[in-house]
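Presented below is the structure to which this report refers.
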Amino acid sequence: MRYTNSQGAEHLINWELASTAEYRQLLSKFKQIEPYMEPPFVVETVAKGSSANTNAEESNDAEAEDGDKAQKKAAQEAAAKPAAKKKPEPQLVEKSTARDLFDYVLAEGRKDYIVQRYKGLGEMTAPQLWETTMDPERRTLLSVKLEDIAECETIFTTLMGEDVEARRKFIEDNALDVKNLDI
């Protein structure tokens, strides 16, 4: 169905898509965030590893005494007590467009992370293989229970066998059910 808005722009509505439960759920989520969609967009971030010493009281007491004695006393007290950690101060980041906000959040989320996908272990170099599967300090083992050995054999043969068409169909049929692929 086509309609024209008040500015004269034509829009095409796909009623089959608009009638799905997913579309209605997405629309309700959009209505919840719509008030926040106007620039400027402000993001409050906390820097990692931010800490400061809170020895201000100690230095105020030390100022009352003589110079060298005060410094020695402050140094001894600081060595005796572990430095107290101050809560990191939040930083505000302002973005003027939704695209800038999206790019910023995506870049911040990707910091310190690298995602690599391999089709098989044969594509990995020795160090990559060690980092991902062989290093006992870093690996996690998943316990899999084989309740139906015949079905397991069929799946294994489909995925590892020579029949490419059967493998493609299996992947297409089950791809949307996959969870935690990169974990």
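Mind listing the phi-derived Karplus ³J(HN,Hα) values for region 17-23, rounded to whole Hz, using 6.51, -1.76 and 1.60 with θ = phi - 60°, and x for any glycine or proline?
For region 17-23, the Karplus-derived couplings read 5, 5, 8, 6, 5, 5, 5 Hz, x marking Gly and Pro.
Please give, to one decimal in nm, the separation of the simple spin-label points placed at Glu89 and Leu27, each 7 Å out from Cα toward the Cβ.
4.7
Cross-link list Lys119/Lys145; Lys31/Lys87; Lys111/Lys179; Lys87/Lys111: which exceed 27 angstrom alpha carbon to alpha carbon?
Lys31/Lys87
Picking from Tyr104, Gly120, Gly161, whose Cα lies most toward the positive end of the charge dipole for region 100-183 (charges on Cβ: Lys, Arg +1; Asp, Glu -1)?
Value computed over the given set: Tyr104.
Please identify the GluC sites (Glu not before Pro) of region 118-174 that satisfy two criteria: DSSP loop assignment and at most 10 other Cβ atoms within 10 Å. Which are they?
Glu137, Glu147, Glu162
Per residue of region 170-177, what does 6.51 cos²θ - 1.76 cosθ + 1.60 with θ = phi - 60° give for ³J(HN,Hα)? Whole Hz please, x for Gly and Pro, Karplus curve as stated.
Listing the rounded values in order: 4, 5, 4, 5, 10, 4, 6, 8 Hz.
Mind giving me the FRET efficiency for Lys179 and Ala9? R0 is 30 Å, r the Cβ-Cβ distance, nearest 0.05 is fine.
Step by step, r from the Cβ atoms, then E = 0.15.
Every read-out reported here was derived from the displayed coordinates using simple, explicitly stated rules and does not represent laboratory data. Please read all numbers here as calculations on a predicted model, not as lab measurements. Cβ atoms come from the backbone with ideal geometry, glycine included; neighbour counts cover every protein chain shown.
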